[in-house]
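Engineer: My questions all concern the structure below.
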Amino acid sequence: MNELVTPQASSVQIGLRAAGRAEKRMLIDGELTAAASGAEFDNVSPATGLVLGSTSAAGPEDMDHAIGAARRAFDDTDWSTNRALRKRCLLQLQDAIEAETADLREELIAEVGCPAMTTQNAQLDWPLADALRYPARLIDEFEWERRLDGGGLFGERNARTVVKEAAGVVAAITPSNFPIEVILNKLGPALAAGNTVVLKPDPNTPWNATRLGRLIVERTDFPAGVINVVPTPSNHVAGLVGTDPRVDMVSFTGSTAVGRHLMRVGADTMKRTFLELGGKSAMIVLDDANPAHIIPGAIGACVHAGQACAANTRMLVHRSLFDEAVANVTMAFGGVPVGDPVLPTTLVGPLISAVQKQRVLDAIDGARRDGAEIVVGGAVPEGLPDHLANGHFVAPTVILGAHPGSSIAQDEVFGPVLVLIPFDDDDEAVRLANDSAFGLAGAVMSKSPERAMGIARRIRTGAIGVNGGMYYGADAPFGGYKNSGVGRQCGVEGFAQYTETKTIGWRLPRQA
């Protein structure tokens, strides 16, 4: 039985506080505004199921206005060429967010349902440290131009310069699981590179984005239209950025199905796309690994209720260690604290919505029907406090006996579910890890760093940790192979993808 946490300050109280500080208006063309229609939509607490408050619901006319504003700001102002202004504005936004960090932290706990401890790392503190500062620094350090040596036809002498320029209008579509982290890691490089942006946040978690909109208006010198924040629950309205010819690039983080759709609908206008999509990452435990050291990696599948695209949700364990690993992981999952995300001891809070909760439970039921064994969890936790009774909780779940090709071992569940699969040698481990439509992340555990590195280099995935190594950072490119996406977030590679490349050649005078 998982340890259930009874709170002193509950999500009900945090939700009331967050609602009192929330910004419900959109940001379009430098103005905080309600939807043209006056429509709003509910923001629901994942922990309690209660409505926290409302947010303006953009309609087609609002999205059209936002795209037009971004287009004008790119075409008619010096934003794309004024590097000093861009740097100043990004650092102003950094200062503005830091001034409201405490309120933003509570807001994330309330609307995302993320455990408080996760706001001290990837949910808030990590991206706040460098997601804007790093691209602001790159404004000065990036190689905006380079000269090519030589060249020329028929005896003529030529000079050539390669120039990097902003891509144009970027539509940034962000998810609910790590919303501020993804938003800052999109806005930072896109704006630093000189683009203008239409930000469409996930409708389950709109307030952190609308807060940024307010801070931009109140505390920064961003020209009108450079950033537009357009929340909407309508897929039709959101989809307009994928078809509008005024949008040059779509930067999307979310499901593989939606990523494919955006590629298809953007084809007619030849939109560039950055897609950071799903994953089914494998943690490989080699036969010389210390079984006790695999527990943190296993528990990682539970963090934020498993709502992390890079989570290692398949654990491939050498058969000689398998029984011991199962015993250790089963004990660990049975003791994971589940409960109110407000408490500092909670590791597993709610899933984002009732729909996602049911998807996770359906996936577990499908594994049962396929003959797998659920040894821990597999249902709604028992004994939740009354104020969490309508929250979207699923107990941490360990599954054994799943065929490597089964749905539970192949499909992204996006819940606190870990599948353990044995293997007999290194080649089989690599084959099982690569036997996936995804290729986002992974891990390797071994007492031999050289052996682990050798395995890591054979895995077809965009990021991988060796013996607990961390690959996250604003300077570290992140993204996937195969169905896990196209392009990279963060790093120089992530910065460069928001630029276009122009080659200029000119004829030099003949030498006397």
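Engineer: I'd like the antiparallel share, as a percent to the nearest 5, of DSSP beta bridges with both residues in the stretch 144-263.
Structural biologist: Details: 4 of 16 bridges.
Roughly 25 percent of the DSSP beta bridges within the stretch 144-263 come out antiparallel.
Engineer: Net charge near residue 42, counting Lys/Arg +1 and Asp/Glu -1 over other residues with Cβ under 12 Å of its Cβ?
Structural biologist: -1
Engineer: What angle do you read, to the nearest 10 degrees and between 0 and 90, between the alpha-carbon axis of helix 60-76 and the longest principal axis of the chain?
Structural biologist: 50 degrees
Engineer: Just reorder 484, 320 by solvent-accessible area, largest first, 1.4 Å probe, all chains present.
Structural biologist: I get 320, 484, largest accessible area first.
Engineer: Determine the share of the stretch 368-512's accessible area contributed by carbon and sulfur atoms, expressed in whole percent, with a 1.4 angstrom probe.
Structural biologist: 50 percent
Engineer: Of the options 220, 279, 37, report the single residue whose Cα projects farthest towards the positive end of the charge dipole of the chain (beta-carbon charges: Lys, Arg +1; Asp, Glu -1).
Structural biologist: Toward the positive end, the furthest listed residue is 220.
Engineer: Next question, about the same structure. Pop a pseudo-label 7 angstrom from the Cα along the beta-carbon direction at both residue 95 and residue 120 and give the gap in nm to one decimal.
Structural biologist: In this crude spin-label approximation the distance works out to 2.9 nm.
Engineer: While we're on this one: Rounded to the nearest 500, what is the chain's calculated 222 nm mean residue ellipticity when only DSSP H runs of at least 4 contribute -39500 (n - 2.57) each, over all residues?
Structural biologist: Value at 222 nm, helices only, nearest 500: -10500 deg cm²/dmol.
Engineer: Using the per-residue mean of other Cβ atoms lying within 10 Å as a proxy for protection, in what order, highest first, do the peptides 49-60, 93-104 fall?
Structural biologist: Descending mean neighbour count gives 49-60, 93-104.
Engineer: Can you tell me what share of the DSSP beta bridges in the chain is antiparallel? A percent to the nearest 5 is fine.
Structural biologist: 45 percent
Engineer: Right, another one. Does the stretch 249-359 classify as rounded, prolate or oblate by the C-alpha gyration tensor (a ≥ b ≥ c root eigenvalues; a/c under 1.5 gives rounded; else a/b over b/c gives prolate, otherwise oblate)?
Structural biologist: Oblate is the answer for the stretch 249-359, as a/c is 1.5 or above yet b/c matches or exceeds a/b.
Engineer: Let me ask you something else. Compute the helix-to-body angle for 319-334: its Cα long axis versus the longest principal axis of the chain, expressed 0 to 90° and rounded to tens.
Structural biologist: For 319-334 against the chain, the angle is about 90 degrees.
Engineer: So how much accessible area does residue 319 have, in Å² to the nearest 10, using a 1.4 Å probe?
Structural biologist: Surface open to solvent at residue 319 totals about 120 Å².
Engineer: Considering just Cα atoms, how many Å³ per residue does the convex hull of the stretch 282-474 enclose?
Structural biologist: Taking the convex hull of the Cα positions in the stretch 282-474, it is 119 Å³ per residue.
Engineer: A further question follows. Apply the a/c threshold of 1.5 to the C-alpha gyration tensor of the stretch 336-405 and tell me whether it is rounded, prolate or oblate.
Structural biologist: Details: a/c = 2.56, a/b = 1.89, b/c = 1.35.
Here the stretch 336-405 falls in the prolate category.
Engineer: How much of the DSSP beta bridge set in the stretch 282-474 is antiparallel, as a percent to the nearest 5? Intermediate values should be presented prior to the final figure.
Structural biologist: Working: 3 of 22 bridges.
If I count the DSSP bridges inside the stretch 282-474, around 15 percent turn out antiparallel.
Engineer: Now for a different question. Considering only the other residues whose Cβ falls under 13 Å of the Cβ of residue 254, what net charge follows from Lys and Arg at +1 and Asp and Glu at -1? Intermediate values should be presented prior to the final figure.
Structural biologist: Details: positive: 186, 200, 260; negative: 202, 276, 412.
Counting the neighbours of residue 254, the net charge comes to 0.
Engineer: Would you calculate the separation in nanometres between label points at residue 144 and residue 345, each defined as 7 Å from the Cα along the Cα-to-beta-carbon direction?
Structural biologist: It is 5.5 nm.
Engineer: Compute the semi-axes of the equivalent ellipsoid of the stretch 364-474, taking the square root of 5 times each eigenvalue of the Cα gyration tensor, and list them largest first in whole Å.
Structural biologist: In descending order, the three semi-axes are 30, 19, 12 Å.
Engineer: Moving to a separate point now. Hey, what angle do you get for helix 179-192 against the long axis of the chain, alpha-carbon based, 0 to 90 degrees rounded to 10?
Structural biologist: The answer is roughly 20 degrees.
Engineer: Mind running the shape call on the stretch 60-122? Use the C-alpha gyration tensor, a ≥ b ≥ c as the square roots of the eigenvalues: rounded below 1.5 for a/c, prolate if a/b tops b/c, oblate otherwise.
Structural biologist: Oblate, because a/c is 1.5 or more while a/b does not exceed b/c.
Engineer: Sketch the reach of a paramagnetic label on residue 17 as a point 7 Å from Cα along Cα-to-Cβ, and name the residues of the stretch 341-373 whose backbone nitrogen lies under 13 Å away.
Structural biologist: Answer for the stretch 341-373: 342-344.
Engineer: Grab every C-alpha pair in the stretch 194-267, bin the distances at 10 angstrom width from 0 up to the longest one, and report whole percents.
Structural biologist: Each 10 Å bin holds this share of Cα pairs: 17, 48, 30, 5.
Engineer: Let me ask something else about it. What number comes out for the charge environment of residue 391, summing +1 per Lys or Arg and -1 per Asp or Glu over other residues with Cβ under 12 Å away?
Structural biologist: Values: positive: 357; negative: 340, 386.
Combined, the nearby Lys, Arg, Asp and Glu give -1.
Engineer: Then there's this: Tally up the carbon and sulfur contribution to the accessible surface of the stretch 123-270 as a whole percent, 1.4 Å probe, everything protein left in place.
Structural biologist: The nonpolar share, carbon plus sulfur, comes to 51 percent.
Engineer: Run the simple label-point estimate for residue 386 and residue 162 please: 7 Å along Cα→C-beta, distance reported in nm.
Structural biologist: 6.7 nm
Engineer: May I ask for the distance between the Cα centers of the stretch 452-479 and the stretch 168-224, given as a whole number of Å?
Structural biologist: Between the Cα centres of the stretch 452-479 and the stretch 168-224 lies a distance of 27 Å.
Engineer: Could you tell me the distance between the Cα centroids of the stretch 90-135 and the stretch 267-284, to the nearest Å?
Structural biologist: 25 Å
Engineer: Heavy-atom accessible area per residue, the stretch 249-315, 1.4 Å probe: how many Å²?
Structural biologist: 32 Å²
Engineer: How would 331, 283 line up by accessible area, probe 1.4 Å, largest first?
Structural biologist: 331, 283
The values are calculated or read from the model by the stated rules, or taken from the named source; none is laboratory data. Everything quoted here is computed from the prediction, not taken from an experiment. Glycine also receives a Cβ, built like all others from the backbone with ideal geometry; neighbour counts cover every protein chain displayed. What goes into the accessible areas is simple: the full protein's heavy atoms, side chains included, and nothing from ligands, DNA or RNA. Shrake-Rupley method; radii C 1.70, N 1.55, O 1.52, S 1.80 Å.
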